[in-house]
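Take a look at the structure below.
The values are calculated or read from the model by the stated rules, or taken from the named source; none is laboratory data. Since we're looking at a predicted model, the values are computed, not measured. FYI the Cβ positions are ideal-geometry reconstructions off the backbone, even for glycines, and counts take in every protein chain you see.
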Amino acid sequence: MNISSVIVIPRPEQVEQVLALLRVHKGVEVAAVSPEGKIIVTIEADGDSETVQVYETISLMDGVMSASMVYHQKEDEPEAEIFVEA
């Protein structure tokens, strides 16, 4: 499973429209919205090609001026617990 974080910058007059599109997209979760309208989303996808496809879809959404991937992690065993000794 791939987990990515993307900063989406919508046109100021289309923030709500972009949020609505993001919220219904499979594998995308809106994590935060700044007062200026910048949107942070996470993408969960099965593989690299699916991650790229979702990222490109977001980039091409009506009202999106830019989308920048800022984090990407591949989890081979996403259900496994991580143990950290204190």
If you check S59 against the conditions, is it surrounded by fewer than 19 Cβ atoms within 10 Å (Cβ to Cβ), more than 12 Å from the chain's Cα centre (by Cα), free of Cβ contacts under 8 Å to residues at least 12 places away in the same chain and closer than 23 Å to Q73 by Cβ?
no
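Just need a number here: residues in the stretch 21-38 that are in a helix (DSSP H, G or I) and exposed (fewer than 12 other Cβ atoms within 10 Å of the Cβ). Explain how you work it out, then say what you get.
Let us first name the residues in the stretch 21-38 that are in a helix (DSSP H, G or I), namely 21-23.
With the extra rule that they be exposed (fewer than 12 other Cβ atoms within 10 Å of the Cβ), the set shrinks to 23.
So the count comes out to 1.
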Selected residue [of a type in the set (G, A, S), more than 13 Å from the chain's Cα centre (by Cα) and modelled with pLDDT of 95 or more] from A31, A67, A80, A20
A20
Scan the stretch 1-31 for residues that are more than 18 Å from H72 (Cβ to Cβ) and of a type in the set (G, A, S) and jot them down.
A20
Pairs, please: C-beta under 6 Å, at least 6 apart or cross-chain, first residue on the phi > 0 side of the Ramachandran plot and in the stretch 8-32, second among the hydrophobic types (A, V, I, L, M, F, W, C)?
G27/I43; G27/A45; G27/V54
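Report whether or not V54 is among the β-branched types (V, I, T), in contact with a Pro (Cβ under 7 Å, 6 or more places away or on another chain) and in a helix (DSSP H, G or I). Show your work before the answer.
Details: among the β-branched types (V, I, T): yes; in contact with a Pro (Cβ under 7 Å, 6 or more places away or on another chain): no; in a helix (DSSP H, G or I): yes.
When the stated conditions are applied, V54 does not pass them.
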